[in-house]
2 protein chains.
Amino acid sequence: MSFTYNRASTGAWLAGDPVGHRQFAALFDDAPLALEGGASLEHVTVAYETWGALNARRTNAILVLHALTGDSHAHGPDGVGHAMAGWWNPLIGPGAPIDTDNFFVVCPNVLGGCQGTTGPSSIAPNDGRPYAGRFPIITPRDQVAVEAALADVLGIERWHAVAGGSMGGMRVLEWAVGQPERVARAIVIACGAYATAEQIGLSSTQNAAIMGDPNYRGGDYYDQPAGPQVGLRVARSLGQITYRSELELHRRFHRKPQADEQPLRGGRYAIESYLAHHGDKLAARFDANSYVVLSNAMNHHDVGRGRGGIADALARVQAHTTIAGISTDRLYPLRLQLELAELLPAARDVEVIPSIDGHDAFLTETEAVGKLLRNALWR
Amino acid sequence: MSFTYNRASTGAWLAGDPVGHRQFAALFDDAPLALEGGASLEHVTVAYETWGALNARRTNAILVLHALTGDSHAHGPDGVGHAMAGWWNPLIGPGAPIDTDNFFVVCPNVLGGCQGTTGPSSIAPNDGRPYAGRFPIITPRDQVAVEAALADVLGIERWHAVAGGSMGGMRVLEWAVGQPERVARAIVIACGAYATAEQIGLSSTQNAAIMGDPNYRGGDYYDQPAGPQVGLRVARSLGQITYRSELELHRRFHRKPQADEQPLRGGRYAIESYLAHHGDKLAARFDANSYVVLSNAMNHHDVGRGRGGIADALARVQAHTTIAGISTDRLYPLRLQLELAELLPAARDVEVIPSIDGHDAFLTETEAVGKLLRNALWR
């Protein structure tokens, strides 16, 4: 097993991307990044991709923020260095809802990730070894601090819009609350003001599966023959269920056996094969340490922390906000978006995306999401 | 680690219960039990408890069927041999909804279980070693075949009622469909006519956590220093979330830290401690092999299999049926009970138990369940 996903974050490759189309920014070289949890990080690398051109007045920049297992590749085909096509592929491009003829689009890999930005598999500057189990506790607020430093380097004082769903939506909110003057429009999809007990419980159970795998070794597995792939597969299998709706799984799989397998003779049902496939796919492309660190970061999502609660925090927002939820999202249920809309000064009502796909609809319902983005960007 | 939970099923103790108040029946001594999956079992022991007295005409017997991690101890205090008080404790007894002044109540441990009835930790008759990983695939229909053999031994030709929730409800349905003349009243709570894709996916993910634990060893861990307790804890943690409602977890735990722990400094949120506690508790009292075998049995729940589909199967039912669902049950959602009520010839409407507790309400809402049972038993 080799851990190639984050080699670009060593710094040596800052000039260009050895495996994809990313650019890299070296941040916090002068002063370390002080984290909410009390630790700090020296020298943070951010991998990012851009599409379109920044205008002279630097007013047309849009920040697009990815979810848990996403990365900077919001747009473009799959290929070397990009295991999958862009996660919002049809929504970004010339003439697309996020129209690159008009906008300069930036998508960074998140702090703690494993696709070029500093994370657990990155080399720690002080001793030249991967952070591994030493990677500190981080929060969405820390992740936004890194994204703000990237914006500084890019010379973008104020974003025309910041947009994202799920974990991306958490950072949109942290941007809008923590740096209100820098966000003209905030687009938050399938997210809430804080992680709920159930979200924490689900993330924490997924992490327990990874950390209980003996190959996890407290996160220090990069020099071992195998990492905690078994635990990561279980985690993803659980996650995948929560990303879909009960009815969608029912309609798609019902009680169908997988191909010609016979469940009563030890074969699998189709849903079992589907979940195993998603587990295998993720385990092949994603670092378990990043999964744990980012899941924990999501657990710490709470825009109200240290700001007098969520009502006071959300009252700071100056951006025009668009809040969208998905009719069948049981992971980030509509009540969370209704609460946001109620507490955000400049929010309209919640835009409900009607979909059977559950939480995943922020990725799958490209027509509805596209319409929503187009409206939000031009309002 | 010792595996004491099932020692009673060796047969040597059939005369009495060394650790509790159970009785034991030795079944299938003459001819083996032919299983739906094609295998067979020789010599099946069933542990059961009874309350009240069978009347002379043997017409007052009620069969109460437990759920996944339950056992024969539906009623009575905790103590030696009974890790917990009866799972329907307040619902059974003199003057209780299942009134032992009037009824003779029988509750057997299920086939595949680990509390006295033949299961993976039982000694296989042919070689004197535990079945362990060799225990065959079983289904709810097989489990009911064993319960029917127990009824024969007890001389109960027809049950006044068969009642149960969740996995217990599956067996109530199999009784009512498969042996219609033997069931006068069927009471099915929080269950459906078949396991849905999501239920299969959730059970299968829990099993993957157990089977991925290197201490599982394909089920052959009884002679090892440790079993797959880590995997079983993860499985239970996931299960526990699905047994409650999102809103109940939210109200009870919100984002509270556990006691004086500090999540941002590596401490836990209260929900994390709660789930870990449930994992620890189950891992201390339940056999992982039984968890896997019974979860798979539930995956194979489908009253329509080999009977021309669920509509034809349910049309066979002669019992007065009471179908109940729980308003917030996301594991066995109300649509499943509505479907049952629609297809069962003698069912009234679905009785909806209003509760924030989710699926677990069939255990926790004793007042509503008690009222429902009382009505159903006397109709």
request  = Inspect all residues belonging to the range A:191-212 and state whether any of them is more than 14 Å from chain B (Cβ to nearest Cβ) and among the hydrophobic types (A, V, I, L, M, F, W, C).
outcome  = yes
note = Over the range B:217-247, the set of residues open to solvent by less than 70 Å² (accessible area, probe 1.4 Å), out of contact with any helix residue (DSSP H, G or I) (no Cβ under 6 Å at 6 or more places or on another chain) and either among the acidic types (Asp, Glu) or within 7 Å of chain A (Cβ to nearest Cβ) (or both) is B:Val230
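Does the range A:304-311 contain any residue that is hydrophobic (A, V, I, L, M, F, W, C), open to solvent by less than 10 Å² (accessible area, probe 1.4 Å) and not assigned by TED's automatic domain parsing to the domain that holds A:Arg233? Break it down stepwise before answering.
Taking the range A:304-311 and keeping what is hydrophobic (A, V, I, L, M, F, W, C), we get A:310-311.
If we keep only those that are open to solvent by less than 10 Å² (accessible area, probe 1.4 Å) as well, we get none.
Checked against the condition, which is being hydrophobic (A, V, I, L, M, F, W, C), open to solvent by less than 10 Å² (accessible area, probe 1.4 Å) and not assigned by TED's automatic domain parsing to the domain that holds A:Arg233, the range A:304-311 yields no hits at all.
Please pick out the residue among A:Phe135, A:Phe104 that is aromatic (Phe, Trp, Tyr), over 27 Å from A:Val352 (Cβ atoms) and touching a helix residue (DSSP H, G or I) at 6+ places or on another chain (Cβ under 7 Å).
Values: A:Phe104 fails: touching a helix residue (DSSP H, G or I) at 6+ places or on another chain (Cβ under 7 Å).
Being aromatic (Phe, Trp, Tyr), over 27 Å from A:Val352 (Cβ atoms) and touching a helix residue (DSSP H, G or I) at 6+ places or on another chain (Cβ under 7 Å) holds for just one of A:Phe135, A:Phe104, which is A:Phe135.
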task = With the condition kept exactly as written, say whether any residue in the range B:313-320 is within 14 Å of chain A (Cβ to nearest Cβ) and either buried (at least 23 other Cβ atoms within 10 Å of the Cβ) or over 22 Å from the mean Cα position of the chain (by Cα) (or both).
result = yes
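Counting just the residues of the range B:335-376 that are among the acidic types (Asp, Glu) and under 25 Å from B:Arg251 (Cα atoms), which one comes out surrounded by the fewest Cβ atoms within 10 Å (Cβ to Cβ)? Spell out how you get there, then give the answer.
Let us first name the residues in the range B:335-376 that are among the acidic types (Asp, Glu), namely B:339, B:342, B:349, B:351, B:357, B:360, B:365, B:367.
Now drop any that are not under 25 Å from B:Arg251 (Cα atoms), which leaves B:357, B:360, B:365, B:367.
Details: B:Asp357: 20, B:Asp360: 23, B:Glu365: 18, B:Glu367: 12.
Selected residue: B:Glu367.
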ask   = Any idea which of (1) surrounded by 21 or more Cβ atoms within 10 Å (Cβ to Cβ); (2) part of a loop (DSSP other than H, G, I, E, B) is the one B:Asn102 doesn't satisfy?
value = (1)
query = Within the range B:208-236, how many residues turn out to be touching a Phe, Trp or Tyr at 6+ places or on another chain (Cβ under 9 Å) and either assigned to a helix (DSSP H, G or I) or closer than 15 Å to B:Leu275 by Cα (or both)?
reply = 6
key: Subset of the range A:321-333 (residues that are closer than 14 Å to A:Ser245 by Cα and either crowded, with 19+ Cβ neighbours inside 10 Å or of a type in the set (D, E, K, R) (or both))   = A:Gly325, A:Ile326, A:Thr328, A:Asp329, A:Arg330, A:Leu331, A:Tyr332, A:Pro333
note = Of the residues in the range A:249-282, those that are more than 9 Å from chain B (Cβ to nearest Cβ), surrounded by fewer than 21 Cβ atoms within 10 Å (Cβ to Cβ) and under 29 Å from A:Ser166 (Cβ atoms) number 6
Filtered residue count, the range B:124-160, keeping only those that are of a type in the set (Val, Ile, Thr) and either open to solvent by 30 Å² or more (accessible area, probe 1.4 Å) or not assigned by TED's automatic domain parsing to the domain that holds B:Glu36 (or both) = 2
ask   = Where residues in the range A:44-84 are in contact (Cβ under 8 Å) with a residue 40 or more places away in the chain and among the charged types (D, E, K, R), which of them is most open to solvent (accessible area, probe 1.4 Å)?
value = A:Arg58
inquiry  = Just to be sure I understand the filter: pairs with C-beta atoms under 6 Å, separated by 6 or more residues or on different chains, first member in the range A:14-39 and at positive phi, second member open to solvent by less than 20 Å² (accessible area, probe 1.4 Å) and at pLDDT 95 or above. Which pairs pass?
reply    = A:Phe28/A:Val44
inquiry  = Is it the case, given these coordinates, that B:Ala145 is away from chain A (no Cβ under 14 Å), in contact (Cβ under 8 Å) with a residue 60 or more places away in the chain and part of a helix (DSSP H, G or I)?
reply    = yes
message = What pairs come out if I take residues in the range A:313-324 that are closer than 8 Å to A:Ala186 by Cα and assigned by TED's automatic domain parsing to the domain that holds A:Leu373 and pair them with residues that are open to solvent by 10 Å² or more (accessible area, probe 1.4 Å) and in a strand (DSSP E or B) whose C-beta lies under 7 Å away, six or more apart or interchain?
response = A:Ala319/A:Arg185; A:His320/A:Arg185; A:Thr321/A:Ala347; A:Thr322/A:Glu351
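The values are calculated or read from the model by the stated rules, or taken from the named source; none is laboratory data. Keep in mind that this is a model prediction, so the values were computed, not measured. Glycine gets a Cβ as well: all are built from the backbone with ideal geometry, and neighbour counts include every protein chain shown. Heavy atoms of the whole protein, side chains included, go into the accessibility calculation; ligands, DNA and RNA do not. Shrake-Rupley method; radii C 1.70, N 1.55, O 1.52, S 1.80 Å.
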